[in-house]
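Take a look at the structure below.
The values are calculated or read from the model by the stated rules, or taken from the named source; none is laboratory data. Please read these numbers as outputs of a predicted model, since none were measured by experiment. Cβ placement follows ideal geometry from the backbone for every residue including glycine, while neighbour counts extend to all protein chains displayed.
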Amino acid sequence: MKRVRCPKCDNYITFDEKQYEEGQQLVFVCPECNRQFGIRIGTSKIKETRKNENLDEQEHAKELGSIVVVENFFHYKQVIPLEMGDNIFGRYVKGSTINKPIETVDPSIDTKHCIIRVQRSKKGKLQYILRDAPSNTGTFYMNEILKDQDRIYLDDASIITIGATTLILRKANTEEE
Ligand SMILES: [Zn+2]
């Protein structure tokens, strides 16, 4: 899979280049802003997907852990490192101010969808606490939808669903239980 960036709004569009011939002209319509634009297969305008970038899920284990965005129809796999405080996840759009944007065209992910707060307990243990932003389509933890007031303490490998997209928590492994 390859991706192109919309020249108007910076939205990424992912497509399967193997369906096309080298040098073939393709026309895309951006689902975000409806801008129509063309590319030619085999030119520098096409970026490799992040398969060729570092996707080591354990890379951030010595820091504060990460969220793995599982690849689906709308985007390639992403590994997003976590930081202390509120990690605000949502769909990336141009001008986005959230600190953990996901590069996706999944229309059922809000531009501000859910929040994972990383904090230390009184005993110094790292805690990962999920809440809904609130979003239009909801945030699901182990297939249960969160109410606005819910605060879910996540474990390693916790599965979160937003829109059609699955997120997996990879906690820091420096913590002793
Ligand atoms: Zn666009």
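Restricting attention to region 136-155, does a residue exist that is within 19 Å of residue 11 (Cβ to Cβ), out of contact with any Lys or Arg (no Cβ under 6 Å at 6 or more places or on another chain) and surrounded by 15 or more Cβ atoms within 10 Å (Cβ to Cβ)?
At the first step, the residues of region 136-155 found to be within 19 Å of residue 11 (Cβ to Cβ) are 136-137.
The next check asks that each one be out of contact with any Lys or Arg (no Cβ under 6 Å at 6 or more places or on another chain); those that pass are 136-137.
Within this subset, residues satisfying the condition of being surrounded by 15 or more Cβ atoms within 10 Å (Cβ to Cβ) are 137.
Yes - at least one qualifying residue is present in region 136-155.
Return a yes/no flag: does region 68-84 have any residue that is hydroxyl-bearing (Ser, Thr, Tyr) and without any contact (Cβ under 8 Å) to a residue 12 or more places away in the chain. No, region 68-84 contains no residue that is hydroxyl-bearing (Ser, Thr, Tyr) and without any contact (Cβ under 8 Å) to a residue 12 or more places away in the chain.
Based on this model, can you work out whether residue 9 counts as under 20 Å from residue 107 (Cα atoms), within 16 Å of the ligand (Cβ to nearest atom), at pLDDT below 90 and touching a Cys at 6+ places or on another chain (Cβ under 8 Å)?
Yes: the conditions hold for residue 9.
Here is a yes/no grid of residues against (1) among the small types (Gly, Ala, Ser); (2) closer than 20 Å to residue 11 by Cα:
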{"position": "96", "(1), (2)": "yes, yes"}
{"position": "100", "(1), (2)": "no, yes"}
{"position": "108", "(1), (2)": "yes, yes"}
{"position": "115", "(1), (2)": "no, no"}
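Each residue in region 10-24 was checked for being in contact with a strand residue (DSSP E or B) (Cβ under 8 Å, 6 or more places away or on another chain), part of a loop (DSSP other than H, G, I, E, B) and in contact (Cβ under 8 Å) with a residue 40 or more places away in the chain, and 1 pass. Filter region 156-171 down to the residues that are assigned to a loop (DSSP other than H, G, I, E, B) and of a type in the set (D, E, K, R), then identify the one that is surrounded by the most Cβ atoms within 10 Å (Cβ to Cβ). Once the filter is applied, the top-ranked residue is 171.
Out of all the residues in region 75-101, which are more than 16 Å from the ligand (Cβ to nearest atom) and assigned to a strand (DSSP E or B)? Break it down stepwise before answering.
First, pick out the residues of region 75-101 that are more than 16 Å from the ligand (Cβ to nearest atom): 76-90, 97-100.
78, 79, 80, 81, 85, 86, 87, 88, 89, 90, 100, listed by residue number.
Across region 121-134, the number of residues qualifying as closer than 19 Å to residue 150 by Cα and without any contact (Cβ under 8 Å) to a residue 40 or more places away in the chain comes to 7.
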